[in-house]
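Data first, discussion second: the structure below is written as structure tokens.
The values are calculated or read from the model by the stated rules, or taken from the named source; none is laboratory data. Nothing here was measured: the structure is a model prediction, and the numbers come from that model. For neighbour counting, all protein chains shown are included, and Cβ atoms are generated from backbone atoms with ideal geometry for every residue, glycine included. We work out accessible area using only protein heavy atoms, side chains counted, and drop any ligands, DNA or RNA first. Shrake-Rupley method; radii C 1.70, N 1.55, O 1.52, S 1.80 Å.
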Amino acid sequence: MADTQNTKVQEQDIHQLLKVKREKLANLQQAGKDPFQITKYDVTHHSTDIKNNFEELEGKTVRIAGRVMSKRVMGKASFCNVQDLPGNIQVYVARDSIGEESYADFKKYDVGDIVGIEGEVFKTKTGETSIHAAKVTLLSKSLQILPEKFHGLTNTDIRYRQRYTDLIMNQDVKDTFVKRSRIISAIRRYLDGQGFLEVETPMLVSNAGGAAARPFETHYNALDEDVKLRISLELYLKRLIVGGMERVFEIGRVFRNEGLDTRHNPEFTLMELYQAYTDYYGMMDLTENMFRYVAQEVCGTTVIPYAEETIDLGKPFERLTMVDAVKKYAGVDFDQIPDTAAAKKLADEKGVHYEERHAKGDILNLFFEEFVEEHLIQPVFIMDHPVEISPLTKRKPDKPDYVERFELFIYGREMCNAYSELNDPIDQRERFKAQEAALAAGDEEANTTDEDFMNALEIGMPPTGGIGYGIDRLVMLLTNSPAIRDVLLFPTMKTLDPKKAENKAEKAAVNGSAEDATVSAPSVQIDLSKVKIEPLFADDVDFETFSKSDFRVVKIEACEAVPKSKKLLKFTLNDGTDRKRTILSGIHEYYEPEELVGKTCVAITNLPPRKMMGIDSEGMLISAVYEYDGREGLNLLMLDDSIPAGAKLY
């Protein structure tokens, strides 16, 4: 009861504060001082300019503009702190200096208002560089409330949804995005110095190829044609190599219809380049030199702190074949594995999960992901991938089951992907056929044949090296950011109910709490007439068999994405016993891990453990699965939180 009363009082306080702000604006407008009629303000300096050049600017008049972040009124004189792009500076505002009427106005200004300050540079008695204001101009009135505290909000709240507030409250966030811009500029300068031309290619394409990913689909009304958002830049850039543009690159957004985690966002920034008359060794040299150049330009050093490690980009990058890497870290020599059957047998013995369609090369890659990636902390080029996972890459002449490809790994993460590009149109057509067979077998990320690209290859493409860089991951590395959302100004987030979001944001503005900032997504309204109902199963399940399934209520205590899997979520569950239960479920397409923590669900708890991605899954969470408008839908079955963990369902 007391909590409810406190909440009501708090809401009244919020509404009163917002009301007062609007009343202040109305009074200013009635007095002919409407700040929104001001169209410009001539700024001469930024805060850091003044602090860094105090000796030169002391006693001189400067003009700065920015947001009031704090304010201390003391009778005839006051102090405020004004924040601009690079930092902030203290301003001394005295009634005798700006005039009685202006000082009366200043005292009514709020934290969050945007002001222009004209005055002389000086230092206070405590030695702080400041501006003695001669004139204060209100440039914009803030009608909302800034959070009192902001650090510690989780990645599901308004820090990411309202990045503008995050930038205001956290200088280190602003610094990250300034550095991101400088990183992209440095890449452009480096490639320009190497003779590359920057080009632009289509985002809407009829055939989304060049990577293993599921595309977003849309409809082009004017042409009455279904199109896809590009998943890669590759096939169009190669067309330009065919056309004689020997060195080309593009930095642009690509779109992949997949889950979100700390390293993946459905839309992200990719840089791809292609250079005629070189191979993947040439791409290794270019990559190593470019990473070193960008780090030195942006960070001033090639020794980069990341998480608990120190990454040295100044030393020569190690080079390992994928076979040698698996041999080194897993103790398995795939050169001694004769065929797919033997590879699958070995995978069964080692607990590596694979699909029926997978061949020996696919399983080698699964071993690499399972046993090797986590060890690759310092920069290392992993070379010579199996042909099964590289449909656009030139085979190694002496080992045709492998291709001339490398991936750069740093801190266990793939940073880029490069090839000696396949320019044999006959081989390329066979690779496309294999991809289409994989698509027919259920691989939604497989490519289809691009006939115009095939025509370009038949005209003739020179020997070419190509590479793709994930810009976001490079920014994560050079800014020591743990998650991709930290380096995207506007990361993909689940849409909120507008009214709920408004109410929650108001509370969060005052409290600064993660709980108040988190808003539940609205439930999806489904037209039941469009839901496809499956036919009855051919065979009935007898009652005795069905009754042996132990359906229990479980509480989700933790949930996280399974590394190296785009579909699996790992749940830690309280099933009413003294031990925690682990269940893996392939529902990442439908839910983000943080949404599910604390929920009450249903699981079958007496199934034998099943190895998935090397993890024992001890049961099955129950979901409602249905076909809707030609696509599968899914909702995890959730119960009233008052039902205790361990309760049995009948």
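Which semi-axes, in whole Å and largest first, does the equivalent ellipsoid of region 1-131 have when worked out from the alpha carbon gyration tensor as the square roots of 5 times its eigenvalues? Don't skip to the end; give the middle numbers.
Working: eigenvalues 199, 69, 43 Å².
Working through the eigenvalues yields semi-axes of 32, 19, 15 Å.
Take every DSSP beta bridge with both residues inside the chain and express the antiparallel ones as a percent of the total, to the nearest 5. Present the calculation step by step, with values, prior to reporting the outcome.
On the way: 109 of 119 bridges.
Roughly 90 percent of the beta bridges in the chain run antiparallel, per DSSP.
Rank by packing, highest mean first: peptides 349-359, 559-569, 64-74, 475-485, with packing defined as the count of other Cβ atoms within 10 Å averaged across residues. Working shown, then result.
Numbers: 349-359: 15.0, 559-569: 18.5, 64-74: 16.8, 475-485: 20.5.
Per-residue Cβ counts within 10 Å, averaged per peptide and sorted highest first, yield 475-485, 559-569, 64-74, 349-359.
Carbon and sulfur: what percent of region 306-462's accessible surface (1.4 Å probe)? Intermediate results must be reported in sequence, preceding the final value.
Values: 3260 of 6910 Å².
For region 306-462, the apolar C and S fraction of the accessible surface comes to 47 percent.
Taking the highest mean first, how do the peptides 32-42, 80-90, 411-421 order by number of other beta carbon atoms within 10 angstrom per residue? Could you put the intermediate results ahead of the total?
Values: 32-42: 11.2, 80-90: 19.0, 411-421: 21.4.
Per-residue mean Cβ counts within 10 Å order the peptides as 411-421, 80-90, 32-42.
By the scheme Lys and Arg +1, Asp and Glu -1, what is the net charge of all other residues having a beta-carbon under 10 Å from that of Glu217?
On the way: positive: Arg214, Lys228; negative: Asp226.
Its environment carries a net charge of +1.
Would you mind calculating the gained length between Thr48 and Gln296 on full extension (0.36 nm times residue separation, minus the Cα-Cα distance), in nm to one decimal?
Values: separation 248, 0.36 × 248 = 89.28 nm, distance 2.25 nm.
Difference between extended and current length: 87.0 nm.
Please state the relative contact order of region 381-460 as a whole percent: Cα pairs under 8 Å, 6+ residues apart?
Values: 111 pairs, mean separation 18.3, N = 80.
Rounded, it is 23 percent for region 381-460.
Which label marks the calculated value of log10 I(q)/I(0) by the Debye sum over Cα atoms at q = 0.05, 0.10, 0.12 Å⁻¹, given the options (1) -0.27, -0.92, -1.19; (2) -0.32, -1.12, -1.37; (3) -0.32, -1.01, -1.26?
(2)
On average over all directions, what projected area in square nanometres does region 109-256 have, based on the convex hull of its Cα atoms? Mind showing how you got there, number by number?
Working: hull surface 66.3 nm².
If I average the Cα hull's projected area over directions, I get 16.6 nm².
Express in whole angstrom the spacing between the alpha-carbon centres of region 107-144 and region 372-400.
Each part's Cα centre sits 58 Å from the other's.
By how many nm would the segment from Lys567 to Leu85 grow when fully extended, if each residue of separation counts as 0.36 nm and the alpha-carbon distance is taken off?
Values: separation 482, 0.36 × 482 = 173.52 nm, distance 4.01 nm.
Result: 169.5 nm gained on full extension.
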